[in-house]
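First the structure, in the form of structure tokens, and then the observations on it.
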Amino acid sequence: MPNFHRVVITGIGAVTPIGNNIDEYLVGLQTGTNGVSDITLFDPEKHPCKFAAEVKNLQPENFIEAKESKRWDRFSQFGVMAAKQAFSDSGLEITEANASRVGVIIGSGVGGLLTMESQAQILSHKGPKRVSPFTVPMMIPNMATGLAAIALGAKGPSSSVSTACAAGSNAIGDSFRLLQLGKADAMICGGAEASITPLGVAGFASAKALSFRNESPQTASRPFDAERDGFVIGEGSGNSCFRNVRKRKKKECKNLCRNNWIWNNM
């Protein structure tokens with residue numbers, strides 16, 4: 001039986017439809033804020049579903065250089081913002097001595113769907129020479145992980161998970177195992193998604209997966225209701241900083257909670 005290390009959560013970050021940082025998010029939860037409203041990211045007039053849970057009032061310039069943010073898909077912006085929040089909240093410091101022991105795993109179901117969709121339109125209407133050279137780096141699902149690792153200076157285990165709706169949970173589980181086995185000392189982990197695009201909404205709607213309560217979007221999310229007619233598509237990112245106790249000094253960072261849930265469910 002291996003000598004497993006205890007794992008604790010020491011920082012959290014959130015970019016959500018009800019708050020763009022953890023303080024706003026917690027207030028949104030406590031006050032019952034509803035993040036579902038009519039779609040504004042594109043014109044939904046021809047779509048059978050016209051509402052979603054969009055991230056609002058996003059200010060990436062507070063975390064990302066303006067020049068850089070233009071080269072990042074929306075899901076990567078979410079992921080890096082939440083990762084930086086979690087890192088800051090943890091009190092962790094990355095130095096040359098520990099950089100190789102700090103890693104990042106951020107899951108994403110579809111990655112840069114907006115980039116893929118918009119560049120496909122450019123290819124169709126303007127030809128291959130007009131397609132952006134940043135198309136592939138902006139589109140691939142592991143880019144949120146890579147950009148976050150670069151931004152934080154983390155040089156440890158770096159990976160991504162693309163397992164549909166379970167991507168974020170899988171990323172957390174994989175990070176937990178790495179820490180538990182002593183393969184890393186700290187991991188920034190979670191998920192990021194930005195699939196509220198014409199193609200994303202149309203695809204889920206065609207599969208009859210979405211709710212079509214356009215007359216009452218704020219009551220459409222009802223997962224255990226007998227009259228449920230589908231889910232509400234959303235976007236955002238939630239990331240955490242996990243650390244193993246072997247390397248964690250009590251005065252160095254706070255212990256938000258022990259990760260018993262993952263231990264009991266893996």
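Taken together, the values in this text are just the output of simple stated rules run on the coordinates, not laboratory data. Bear in mind the structure is a predicted one, so any value in this text is a computation, not a measurement. Cβ sites come from the backbone with ideal geometry, for glycine too, and all protein chains shown count toward neighbours.
Just a few scattered comments:
- Per-residue ³J(HN,Hα) for the range 227-240, Karplus 6.51 cos²θ - 1.76 cosθ + 1.60, θ = phi - 60°, Hz, x for Gly and Pro: 9, 4, 10, x, 9, 9, 6, x, 8, x, 8, x, 10, 10
- Sorting the segments 47-57, 193-203 by their mean number of nearby beta carbons within 10 angstrom, highest to lowest, gives 193-203, 47-57.
- Mean Cβ count within 10 Å, highest first, over the residues of peptides 221-231, 175-185: 175-185, 221-231
- Under the criterion of Cα pairs below 8 Å and six or more residues apart, the relative contact order for the chain equals 32 percent.
- Estimated purely from DSSP H runs of n ≥ 4, each contributing -39500 (n - 2.57), the mean residue ellipticity at 222 nm for the chain is -9500 deg cm²/dmol once divided by its residues.
- 30 Å Cα-Cα threshold exceeded, pairs from LYS67/LYS155; LYS70/LYS155; LYS70/LYS126; LYS126/LYS155; LYS56/LYS84; LYS70/LYS129: LYS126/LYS155
- Amide H within-cut-off set for PHE231, under 5 Å, with H built and near neighbours excluded: LEU210, SER211
- Prolate/oblate/rounded label for the range 190-239 (Cα gyration tensor, a/c 1.5): oblate
- Cβ crowding within 10 Å averaged over residues, with 128-136, 76-84 ranked highest first: 76-84, 128-136
- Long hydrophobic helices in the chain: the complete DSSP H runs spanning 18 Å or more by Cα along their own axis with mean Kyte-Doolittle hydropathy of at least 0.0 are 167-180.
- Most simply put, the chain has about 70% antiparallel DSSP beta bridges, counting only bridges with both residues inside it.
- Spin-label model distance (nm) - ALA99 vs THR219, 7 Å beyond Cα toward Cβ: 5.6 nm
- Global geometry of the range 34-126, whether rounded, prolate or oblate, following the gyration tensor of its Cα atoms and the 1.5 cut on a/c: prolate
- Reachable aspartates and glutamates, given that their alpha-carbon falls under 17 Å from the alpha-carbon of LYS50 and they are not under 8 places away in the same chain: ASP38, GLU215, ASP229, GLU235
- Charge tally around GLU54: other residues with Cβ under 13 Å, Lys/Arg +1 each, Asp/Glu -1 each, net 0.
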